[in-house]
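Presented below is the structure to which this report refers.
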Amino acid sequence: MSNTVQTTAREAAAEFLDAGFKPVITLSGLVPCQLRVEAQCTTCEGPRRISLNAVRNGVVCAHHVGSTQYAERTAREAGFAPCGPYPGRASRTWWMACTECGTNYNLSLSRLTGGWRCPCLVQKEAAVKEMRAAGFEPETDYPGKARVGWPSTCTECGQRRSPSLASVRAGKRCLHEPSSTAPRIRHAVTGRIADGTYAVGSRIPVLDLADEFGVSRSTVLSALAPHTKYGLLHSRGGGDGTRVHPQALSRLKSAAPTTYTT
């Protein structure tokens with residue numbers, strides 16, 4: 001685990017207290033993380049000398065180590081289910097099973113507090129980090145295989161996607177289409193036709209819309225495809241572009257309010 005060289009006295013005191021230690025002396029300035037500080041356990045009130053690095057690596061007061069309740073809770077928080085009674089000392093091995101893959105291990109409590117985890121859990125954590133780095137927040141646990149779709153939410157547009165970890169590694173990202181940007185483009189075009197900004201027969205400024213919404217020309221044309229289908233726009237081809245249909249205004253008046261905006 002990587003540790004900072006020093007931290008502020010306030011942050012150091014908070015970390016010590018969170019770990020169950022109350023510094024005996026008043027901390028001030030910047031506290032070196034390797035410095036062993038005189039402290040008192042907030043539970044047994046025994047004196048202890050401990051550093052921030054030790055706290056960050058999971059070191060606890062010695063009175064905890066002999067506690068079965070503490071040992072079992074630590075094992076479960078690390079992803080293991082005890083298969084037998086706690087041997088009573090952190091250095092003694094203890095049979096337990098990974099709650100994720102079911103593999104049995106004979107581990108000591110010291111290894112768990114030192115950060116050791118089942119390889120399957122490490123793989124899972126790494127996979128989640130990869131998805132988040134690519135802009136996806138997983139909605140379910142890692143499916144176990146890189147090529148299986150993983151239900152997620154795009155952290156930018158909020159839409160649900162199911163990219164596989166393999167596709168994310170290959171560069172796949174959310175296109176934020178069509179469910180996010182497309183309705184906004186259609187809504188804007190509909191409003192501009194209704195208020196006369198885009199007159200009947202006029203050409204739709206596709207490139208301007210692309211710049212306005214920060215998307216490509218093809219994305220704008222794809223978003224406006226329903227307008228063409230329902231007769232609000234039309235395209236003759238041959239480079240004439242997409243234009244406002246002659247019957248657009250009458251169709252807007254007779255259509256349901258959401259027909260051309262969703």
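Screening R192 with (1) touching a residue at least 12 places away in the same chain (Cβ under 8 Å); (2) more than 30 Å from the chain's Cα centre (by Cα); (3) crowded, with 16+ Cβ neighbours inside 10 Å gives one miss only, at (1).
Filtering region 197-248 to residues that are surrounded by 15 or more Cβ atoms within 10 Å (Cβ to Cβ), hydroxyl-bearing (S, T, Y) and assigned to a loop (DSSP other than H, G, I, E, B) leaves only Y198.
Examine region 119-136 for a residue that is assigned to a loop (DSSP other than H, G, I, E, B), in contact (Cβ under 8 Å) with a residue 24 or more places away in the chain and not assigned by TED's automatic domain parsing to the domain that holds L249, and state whether such a residue exists. Break it down stepwise before answering.
Looking only at region 119-136, we keep the residues that are assigned to a loop (DSSP other than H, G, I, E, B), and these are 134-135.
Now drop any that are not in contact (Cβ under 8 Å) with a residue 24 or more places away in the chain, which leaves 134-135.
Adding the requirement that they be not assigned by TED's automatic domain parsing to the domain that holds L249 leaves 134-135.
There is at least one residue in region 119-136 that is assigned to a loop (DSSP other than H, G, I, E, B), in contact (Cβ under 8 Å) with a residue 24 or more places away in the chain and not assigned by TED's automatic domain parsing to the domain that holds L249.
Do any helices (runs of 4 or more DSSP H) lying entirely in region 1-105 carry at least 3 residues that are without any contact (Cβ under 8 Å) to a residue 24 or more places away in the chain and within 27 Å of C120 (Cα to Cα), and which ones are they?
On the way: elements: 9-18, 52-56, 62-65, 68-77.
Fully inside region 1-105 and qualifying: 68-77.
Here G88 clears all of (1) modelled with pLDDT under 90; (2) on the phi < 0 side of the Ramachandran plot except the condition numbered (2).
Any residue in region 117-137 that is aromatic (F, W, Y), under 30 Å from S167 (Cβ atoms) and under 27 Å from the mean Cα position of the chain (by Cα)? Among the residues of region 117-137, at least one is aromatic (F, W, Y), under 30 Å from S167 (Cβ atoms) and under 27 Å from the mean Cα position of the chain (by Cα), which makes the answer yes. Summed over region 148-170, the residues that are modelled with pLDDT under 85, part of a loop (DSSP other than H, G, I, E, B) and not aliphatic (A, V, I, L, M) give a count of 5.
One residue stands out in region 78-110 among those that are surrounded by 15 or more Cβ atoms within 10 Å (Cβ to Cβ) and among the small types (G, A, S): the one that is nearest to V59 (Cα to Cα), namely S110. Can you confirm whether V65 is over 32 Å from the mean Cα position of the chain (by Cα), buried (at least 17 other Cβ atoms within 10 Å of the Cβ) and modelled with pLDDT of 90 or more? Against the criterion (over 32 Å from the mean Cα position of the chain (by Cα), buried (at least 17 other Cβ atoms within 10 Å of the Cβ) and modelled with pLDDT of 90 or more), V65 does not qualify.
In region 106-116, what count of residues is obtained for those that are in a loop (DSSP other than H, G, I, E, B) and either over 29 Å from T140 (Cα atoms) or not aromatic (F, W, Y) (or both)? Spell out the reasoning first.
Step one: of region 106-116, the residues in a loop (DSSP other than H, G, I, E, B) are 114-116.
The next check asks that each one be either over 29 Å from T140 (Cα atoms) or not aromatic (F, W, Y) (or both); those that pass are 114-115.
Number satisfying all stated conditions: 2.
The values are calculated or read from the model by the stated rules, or taken from the named source; none is laboratory data. Everything numeric in this text was worked out from a predicted model, so none of it was measured. Cβ: placed from backbone, ideal geometry, glycine included. Neighbour counts: every protein chain shown.
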